[in-house]
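What follows is one structure encoded as structure tokens, with my remarks underneath.
No value in this document is a laboratory result; all are computed from the given coordinates. Please read all numbers here as calculations on a predicted model, not as lab measurements. Note: ideal-geometry Cβ built from the backbone for every residue, glycine included; neighbour counts use all protein chains shown.
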């Protein structure tokens, strides 16, 4: 009766203590109400759009499809998912007992002058000992404090983290491929501008040579015209070099050997989306892979705290084994005479392990606090990225409008300067200056157009788009 009362009290204490073993830490609410420079009318966001609905250019779509299949970072991410899935499947078996089959045979000959040798000789009439054993052992630990449950929860969160890591790589890969392609279109446009400007300089130089022959200008005019011509000429091989380098970089990004990239459109034909809705910042918590990964990291940290806390409490272990045992091989499987069995149970309470368990628990709580800080930081970074891209989209639109007007003005100025120069009403310096200003303005216009396209893709990525 006393023994029953003791075990009853012990069981009640264990259950009562178990109520406070793992208290999960909830996510902090750190998302602002609105993005800076944004006033959404509803929760719709371009981040919710499927990839091929947002990027409609077929060439970019094909490049992205190739990258998702062949990019090595993407392949490693998929292998990490496979590895995490194996560990998660293994953790799901944590509630089941361990089973071990052991088959052993031994033979030993003790000294004739030893106690074992004299005993064996006296009782068995033999000078050696044989032992044949085959048994099945069972080991099972009761999950009283939720240690196994927390291990399973941690494995699940780790598995889901690898999927979020894959999504994060994909969103970055999509943006990089699109930006690389847009940069190629920019370089094509700039190369065309440089060649056109070179032809314009050639025409101007021919007229100046004719005027020099007629004694209307000095050799200084020819030298300055030739210098202006060489500026445009030098720009062409530099742009051709940049085109090849960008093609090589884009080829490596999509997982293929360096090669020429097919372009079926021109930069001037690329349209800038106008209605770029962002939704509310709170939606980032469920859409951005890096934020979801930080949230899952908190789940992992919570699980580790639970496992460390459970290690401080008693553990109930039940073991059992049974099989056949015999001192002679001929009687090994003589049933039921060779059968044996054993069942035991025990409760183990850690008392003193030089503070290791307590230190592990405290470190797990500190790591969990660090994970909360990292979650806050990931949300802050995400909101900052969206605000940056929104600012770029807005200000680049204004810059492009101004640059476009400037380019149109300089185009007209260059034509007027050429006409006036041919009629003798403008100097060669005015022509050269007008042509140089036109070249720079047209190059700048293509740069701003490309930055606009990249800013739109950057906004899409920062809002969590690209993985669906």
Helix 58-70 sits at what angle to the longest principal axis of the chain, using alpha carbons and giving 0 to 90 degrees rounded to 10? 30 degrees
Against the longest principal axis of the chain, how steep is helix 289-310, in degrees 0 to 90 to the nearest 10, with axes from Cα atoms? 20 degrees
At 222 nm, what value in deg cm²/dmol follows for the chain if DSSP H runs of at least 4 each add -39500 (n - 2.57) and the sum is divided by all its residues, to the nearest 500? -22500 deg cm²/dmol
Shape call for region 332-392 from the C-alpha gyration tensor, a ≥ b ≥ c root eigenvalues: rounded (a/c under 1.5), prolate (a/b greater than b/c) or oblate? oblate
Can you tell me how region 204-311 classifies by the Cα gyration tensor, rounded, prolate or oblate, using a/c under 1.5 as the rounded cut? prolate
To the nearest Å, what is the center-to-center distance of region 315-356 and region 121-190, using C-alpha atoms only? 31 Å
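Provide 344, 427 in ascending order of the number of other Cβ atoms located within 10 Å of each residue's Cβ, fewest first.
If I rank by nearby Cβ atoms, fewest first, I get 344, 427.
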How do 339, 115 rank when sorted from fewest to most other Cβ atoms within 10 Å of their own Cβ? 115, 339
Distance (nanometres) between label positions extended 7 Å along Cα→Cβ at residue 274 and residue 369: 5.4 nm
Against the longest principal axis of the chain, how steep is helix 428-462, in degrees 0 to 90 to the nearest 10, with axes from Cα atoms? 20 degrees
